[in-house]
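The values are calculated or read from the model by the stated rules, or taken from the named source; none is laboratory data. The structure displayed is predicted, hence computed values, not measured ones. As a convention, Cβ positions derive from the backbone with ideal geometry for all residues, glycine included, and neighbour counts pool all protein chains shown.
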Amino acid sequence: MMDLFNMGGSLFMGVLTLLFLLIIVISVRNAVILLNSNPVSIRQLSMMKSIGLFALVFGILGQLIGLYSAFEMIEQVGSISQGMLAGGLKVSSITTIYGLIIYLFSFLLFFGESAWNRRLE
């Protein structure tokens, strides 16, 4: 797992991990409020979904920057093998996959807590 983290780039993967932890903190805070039988505002619930969407967009940005630098190296070197190109494409996809996983996780938490919140209202 740490290999993927390092291959994805510590800057982008670090920011994505911080966003993931922020989603977890917000979800736990909302769950504590809901456990006390108090409804949570839709604005507070949708914050998780918004942060997840930002993580997805940030992951796509990481992929595009990785692709740009890979194509820049290909331009400098000239011809390369197809295996090297496929490896570069695979590595550049790591941040997008991680961002997508974070977005899906935030979406599931949003739906679960929204359903829980509707039962309390």
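Results for (1) under 22 Å from N6 (Cβ atoms); (2) surrounded by fewer than 18 Cβ atoms within 10 Å (Cβ to Cβ); (3) modelled with pLDDT of 95 or more, shown as yes or no for each residue.
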residue	(1), (2), (3)
L56	yes, no, yes
L67	yes, yes, no
M73	yes, yes, no
G78	no, yes, no
G88	yes, no, no
I102	yes, no, yes
R118	no, yes, no
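Provide a single number: the residues in the stretch 1-29 that are assigned to a helix (DSSP H, G or I), out of contact with any Phe, Trp or Tyr (no Cβ under 9 Å at 6 or more places or on another chain) and of a type outside the set (V, I, T). Before you say what the answer is, go through the steps one by one.
Taking the stretch 1-29 first, the residues assigned to a helix (DSSP H, G or I) are 2-8, 10-29.
If we keep only those that are out of contact with any Phe, Trp or Tyr (no Cβ under 9 Å at 6 or more places or on another chain) as well, we get 2-3, 6-7, 10-11, 18, 21-22, 25-26, 28-29.
After this cut, where a residue has to be of a type outside the set (V, I, T) as well, the list is 2-3, 6-7, 10-11, 18, 21-22, 29.
Within the stretch 1-29, residues that are assigned to a helix (DSSP H, G or I), out of contact with any Phe, Trp or Tyr (no Cβ under 9 Å at 6 or more places or on another chain) and of a type outside the set (V, I, T) number 10.
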Q | Selection status of S41, within 21 Å of L120 (Cβ to Cβ) and of a type in the set (G, A, S) | A | yes
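Any residue that is within 17 Å of S93 (Cβ to Cβ) and either in contact with a strand residue (DSSP E or B) (Cβ under 6 Å, 6 or more places away or on another chain) or of a type in the set (S, T, Y) (or both) - is there at least one of those in the stretch 54-71?
Residues of the stretch 54-71 within 17 Å of S93 (Cβ to Cβ): 55-71.
Right, trim to either in contact with a strand residue (DSSP E or B) (Cβ under 6 Å, 6 or more places away or on another chain) or of a type in the set (S, T, Y) (or both) and you get 68-69.
Within the stretch 54-71, one or more residues are within 17 Å of S93 (Cβ to Cβ) and either in contact with a strand residue (DSSP E or B) (Cβ under 6 Å, 6 or more places away or on another chain) or of a type in the set (S, T, Y) (or both).
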Q) Looking at (1) surrounded by 15 or more Cβ atoms within 10 Å (Cβ to Cβ); (2) of a type in the set (D, E, K, R); (3) out of contact with any helix residue (DSSP H, G or I) (no Cβ under 9 Å at 6 or more places or on another chain), which is the one condition that is false for K49? A) (3)
Q | Residue list for the stretch 32-52, restricted to those being farther than 15 Å from R118 by Cβ and of a type in the set (G, A, S) | A | S50, G52
Q.
Residue pairs, Cβ under 7 Å, 6 or more apart or interchain, first in the stretch 83-101 and farther than 9 Å from Q63 by Cα, second at pLDDT below 85. List them.
A. G88/A70; Y98/G8
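Confirm whether V40 is buried (at least 18 other Cβ atoms within 10 Å of the Cβ) and touching a residue at least 24 places away in the same chain (Cβ under 8 Å).
Numbers: buried (at least 18 other Cβ atoms within 10 Å of the Cβ): yes; touching a residue at least 24 places away in the same chain (Cβ under 8 Å): yes.
Criteria met by V40.
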